[in-house]
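The values are calculated or read from the model by the stated rules, or taken from the named source; none is laboratory data. Treat the numbers as computed from the prediction; the structure is a model and nothing was measured. Glycine also receives a Cβ, built like all others from the backbone with ideal geometry; neighbour counts cover every protein chain displayed. All accessible areas refer to the heavy atoms of the entire protein, side chains included, with ligands and DNA or RNA removed. Shrake-Rupley method; radii C 1.70, N 1.55, O 1.52, S 1.80 Å.
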Amino acid sequence: MIALTGTKRHSGRYYFMRNLLLFIAVSTVLCSCVPSGSQDVFTVSAYNMYLFFDDTDDGWEYEGFRRSDGYTAARYDERIHDTAVFIAKNMPSDVIILSEIESEIVLNDLLEAGLRKKGYSHYGLASDGSSPLSVGFISKEEPLRSAVHSTDGERPVIDLTFSRKSGMVRVFGIHARSRLEEQNEDIRRRQFEHLRFLVDSADEDLVIAAGDFNADPRYPEAGMAEYPVSDVSAIPVVVTGDPGLVRHGALYSPFLDDEENGGREGSYHYQGKWYFLDNILVDQKAFDGKGLEYDSAAVVAPFEAQDILSRPLAYDASTGRGYSDHFGLTIRFSTFL
């Protein structure tokens, strides 16, 4: 380089090299101003598994799910295998909140049926012994902390904390009381009050509540409603499909956002009407420009999970066909490091 700069006979090469070096220097500065390409991604799914009993008769199994009904060990093993393949193919999230699970046997069997090879090595079930079906989880990453929260008359809430490169993530898993009994509305409200307290008390960098809420905020009830409402503080869980409104105390649901839900009207179909009884909710930390941020969401409704009218195809123990009467949901968060 010294010889070139000092030799007039090679001035053409000199200017070429000088311009090349200038280009490299400018490119280096520009590259330092854009993301490095290293990305932290975190995904969560919620899926009501529909009466997923194990193959042991304990006396509280629902009709159609006893050995005498044909729900044999062979039929159960077939269901486990098919479900493990379905999950691996359609919702390979970091954490999956699963509802209507009878026992930890089911979760362990799902992992042994192939999900462990896909990276799932942790699971847990929040059972208070009051119901044959509970809410549980499977995850690829070991939770830094895990807990179960419950008060009298409510179903327990799973509480999982994960440590990511971009910060701490808190995931609450819920399965609220059924809508089939009118008195359960008061119980759901108490559970939503409890959940909102947990969400508001969490100081992690990202807070998520996922599961089967058995309530659709588009059809208000005592414990949940869609924003705007006259008094946000009077309703435990206020939900919006507009991320710009989370600053008013509402939680964001991409499934109420017409631009995000893929045109789906709900995750559950009942008496001719669609409902988002299932949901994944996030607070304002998903939009604060720090750490993991909301990226995208999807209703998990592949062809094999639908009937001929495009509704969820519930599992039928007599035939071994179907999966659930609910579609699954998935949400993705990401950030450049």
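Taking segment 245-337 as the region of interest, the strands (runs of 3 or more DSSP E) fully inside it that hold 2 or more residues being of a type in the set (A, V, I, L, M) are 278-282, 293-300, 328-336.
Picking from residues in segment 261-293 that are among the acidic types (Asp, Glu) and farther than 16 Å from Phe327 by Cα, the one that is least open to solvent (accessible area, probe 1.4 Å) is Asp283.
With respect to the conditions (1) more than 23 Å from the chain's Cα centre (by Cα); (2) assigned to a loop (DSSP other than H, G, I, E, B); (3) surrounded by 18 or more Cβ atoms within 10 Å (Cβ to Cβ); (4) in contact (Cβ under 8 Å) with a residue 60 or more places away in the chain, Asp55 falls short on a single one, namely (4). Cβ-Cβ under 6 Å, sequence separation 6+ or interchain: first residue in segment 298-321 and within 15 Å of Ser45 (Cβ to Cβ), partner among the aliphatic types (A, V, I, L, M) and open to solvent by 20 Å² or more (accessible area, probe 1.4 Å). Which pairs? Partner pairs satisfying both residue conditions: Ala305/Leu313. With respect to the stated conditions, Glu63 fails to be in contact with a helix residue (DSSP H, G or I) (Cβ under 9 Å, 6 or more places away or on another chain), assigned to a helix (DSSP H, G or I) and either loosely packed, with under 14 Cβ neighbours inside 10 Å or without any contact (Cβ under 8 Å) to a residue 40 or more places away in the chain (or both). Of all residues in segment 124-151, those that are within 18 Å of Gln191 (Cα to Cα) and of a type in the set (Asp, Glu) have Cβ atoms under 8 Å from Cβ atoms of residues that are open to solvent by 40 Å² or more (accessible area, probe 1.4 Å) and part of a loop (DSSP other than H, G, I, E, B), 6 or more apart or on another chain, in Asp128/Ser150; Asp128/Arg155. For Val229, are the conditions met, namely being modelled with pLDDT under 95 and either open to solvent by less than 50 Å² (accessible area, probe 1.4 Å) or closer than 22 Å to Phe327 by Cα (or both)? Answer is yes for this residue.
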